[in-house]
2 protein chains.
Amino acid sequence: MRIGSPDHEWREDCAPRRVLEIFSSKWTSMILHVLDTRHKGCARTGVLQRSLPGISKKMLTQTLRDMEADGLVTRRVYGTVPPAVDYTLTLLGKRFVEPIELLYGWGRANADALDDLAARRTKDA
Amino acid sequence: MRIGSPDHEWREDCAPRRVLEIFSSKWTSMILHVLDTRHKGCARTGVLQRSLPGISKKMLTQTLRDMEADGLVTRRVYGTVPPAVDYTLTLLGKRFVEPIELLYGWGRANADALDDLAARRTKDA
DNA sequence: AGACATAGACACCTTGAGGTAACCACATGC
DNA sequence: GCATGTGGTTACCTCAAGGTGTCTATGTCT
């Protein structure tokens, strides 16, 4: 697959491709959004789960732990006896809220285009 | 997994989630971008492949055919004897270029944030 | 007593996206 | 004659994302 491409603006590690990786995990962007928009940047596990219809407990914690490793959120554990944990957006995490809002905003404003896509998909099925 | 969620702004079929589906396929957004930005909305198969380092012949045609089914591009075949085919952005396809440019643009302007992410990832490895 | 919530850990499974490689048909160039 | 480029198709394989279900421990509520 060697290509003597004169244009390396499209290498594997270019900025655009790296942005896409943020969205490669199904829930990451939604968690960032919900955390920022609905919970002022900090929320407990249960609250988050209830904010995201369809997410399983496993995927929620798994994604959150990955995000913690990436420095997007901070995990805080309270030694209380019914365990309590909450997650807070870091500064880095807040930066990534911006492109997400950009995208979601576009989606809300262009629902008709999305409808067109969906219509085609169901039609040929 | 039934949740009597009071907030259905986050149902499975809300606009934000549907936008994400555009990016759920690895190459779709890049093809749309390259087609629009580098080739004025129309290009032959081979040209596209050479514009996208790393894509295999199979993934390219497969993605293009899916995009055709979705009404994002138009496929044109020339009956010439070394087969010639080209793909043209449709009006719908052009609409989806916008959010992609939004995202890619953010990525280019915020490469430092992306670097931070990458740094964390390699550090804990 | 027993149900329920809280935040996980762990085992397990399925699905499909994505990738590799080989083959086809044909015309041109060496 | 033989290699090459064109645009595919087809078979095959792999890996990891995502999902389900169960188990833990403990404290309140009824």
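Entry remark, segment A:54-73: residues being within 13 Å of chain B (Cβ to nearest Cβ) and touching a Phe, Trp or Tyr at 6+ places or on another chain (Cβ under 9 Å) number 8 in total. If only residues of segment A:28-53 that are within 10 Å of chain B (Cβ to nearest Cβ) and charged (D, E, K, R) are counted, the one that is farthest from DNA strand D (Cβ to nearest atom) is A:Arg38.
Do we have any residue at all in segment B:103-123 that's more than 30 Å from A:Ile31 (Cα to Cα) and at the interface with another protein chain (Cβ under 10 Å from one of its Cβ atoms)? Full working, then the answer.
Looking only at segment B:103-123, we keep the residues that are more than 30 Å from A:Ile31 (Cα to Cα), and these are none.
No: zero hits.
Of everything listed in (1) within 12 Å of DNA strand D (Cβ to nearest atom); (2) of a type in the set (A, V, I, L, M, F, W, C); (3) touching a Leu at 6+ places or on another chain (Cβ under 6 Å), the single unmet condition for B:Leu102 is (1).
No lab work stands behind these numbers, since they all come straight from the coordinates. For clarity, every value in this text was computed on a predicted model and none was experimentally measured. All Cβ positions, even for glycine, are placed from backbone atoms using ideal geometry, and neighbour counts span all protein chains on display.
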